[in-house]
1. I want to confirm something. Restricting to region 231-263 and keeping residues that are among the charged types (D, E, K, R) and open to solvent by less than 70 Å² (accessible area, probe 1.4 Å), which single residue is farthest from residue 122 (Cα to Cα)?
2. Only one of 112, 102 is touching a Leu at 6+ places or on another chain (Cβ under 8 Å), of a type in the set (D, E, K, R) and open to solvent by 30 Å² or more (accessible area, probe 1.4 Å). Can you tell me which?
3. Please go through region 55-91 and pick out each residue that is open to solvent by less than 10 Å² (accessible area, probe 1.4 Å) and in contact with a Lys or Arg (Cβ under 7 Å, 6 or more places away or on another chain).
4. So which residues in region 36-54 are open to solvent by 20 Å² or more (accessible area, probe 1.4 Å) and in a strand (DSSP E or B), if there are any at all?
5. Could you please find all residues in region 13-35 being over 28 Å from residue 77 (Cα atoms) and buried (at least 22 other Cβ atoms within 10 Å of the Cβ)?
6. Would you mind telling me which numbered condition in (1) surrounded by fewer than 18 Cβ atoms within 10 Å (Cβ to Cβ); (2) closer than 30 Å to residue 276 by Cα residue 134 fails?
7. So which of 202, 225 is in contact with a Lys or Arg (Cβ under 9 Å, 6 or more places away or on another chain), farther than 30 Å from residue 287 by Cβ and part of a loop (DSSP other than H, G, I, E, B)?
8. Take residue 201 and decide whether it is open to solvent by 30 Å² or more (accessible area, probe 1.4 Å), in contact with a strand residue (DSSP E or B) (Cβ under 9 Å, 6 or more places away or on another chain) and of a type outside the set (A, V, I, L, M, F, W, C).
Amino acid sequence: MRYSRQELFDKIGKEGQNLLRKSKVAVVGLGATGSSSAELLARAGIGELILIDRDVVELDNLQSQSLYNEEDVGNVKAEAIKNHLKKINSDLSIKALVMDLDYRNVDSLKADLILDCTDNIETRNLINEYCCKSRISWIYSGVIGSNGLILNVTWDYCFNCVFDNIKSELLGTCDTKGVLNTIVKVISGIQVNEALKILTKKDYSKELIYFNIWDNKLEKIKVKKDNKCKVCNGIYDYLDGKKGNDVVKMCGRGIYQIKGKKFDLTKLKLEGKLTKYCLINKNFTIFNDGRVFIKADSKENAK
């Protein structure tokens, strides 16, 4: 039996394993944490995965994004990870979506549980509003330097209740602080462990979990609902398209994403590597959904 040792664990058992088999989980962001969490879910016997990512694999990703290899460099992450996971678990149903998640395509998130493994606050706010309106549970994860955070959001409170008014630049980015691959594995493990608890209807953490792997420091921080929280009171600025940015800086390198109109890549008379999803040039990557990654030292120059 493939899952016999997991079923021997009394908190899972055959009943819990059957619940996992019937579950659909969406993973948003397939970088360091997302690729690792997707792999753990696949090995645990989740029935269906929705994998969402807007990016391609870069050589410097291989330091912390362990499921990819050198052959994946230059390929879109969603398809690359789908191919790897199918080799791990051929029974797994996988939908790979190469796109930038926004209010126009957010319904792609329909699942029993959503794992946030993104690298920006705007997408997290969008996920939070979508899940709050749809009453879908989700798990926030964040990793920077040697630090990691995990928060289950199951509607005793929401992400905005806890993180309102926190800007990403105040937390730091992988541009400024880097990331250790060891903290990625810890946070991914905790995130998927909490996912297994939620999906098998067991007790799960209702605290903000903080871990610093360099100092081996673990903290559990009590959180509570903010009765004045605008999201909990039905105000959805990101979901309604009132907030968001069509020009964003990609984490970890001097590249900006600019959104435009869809076009036929085969009609572009440009040098570069042409794939099903994008045309890759030394200075930019053009996607068939209208997005462009362009190297620049500022948002203004990228435009």
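1. The extreme case among them is 253.
2. Numbers: 102 fails: open to solvent by 30 Å² or more (accessible area, probe 1.4 Å).
Criteria check complete, one pass: 112.
3. Scanning region 55-91 gives 56, 57, 89.
4. 48
5. Hit for region 13-35 is 16, nothing else.
6. Checking residue 134 against (1) surrounded by fewer than 18 Cβ atoms within 10 Å (Cβ to Cβ); (2) closer than 30 Å to residue 276 by Cα, the one that fails is (2).
7. On inspection, the qualifying residue turns out to be 202.
8. The answer is no for residue 201.
The values are calculated or read from the model by the stated rules, or taken from the named source; none is laboratory data. None of these values were measured; they are calculated from a predicted model. Heads up, the Cβs are rebuilt from the backbone with ideal geometry, glycines too, and the neighbour counts pull from every protein chain shown. Surface areas here come from the heavy atoms of the whole protein model, side chains and all, with no ligands, DNA or RNA. Shrake-Rupley method; radii C 1.70, N 1.55, O 1.52, S 1.80 Å.
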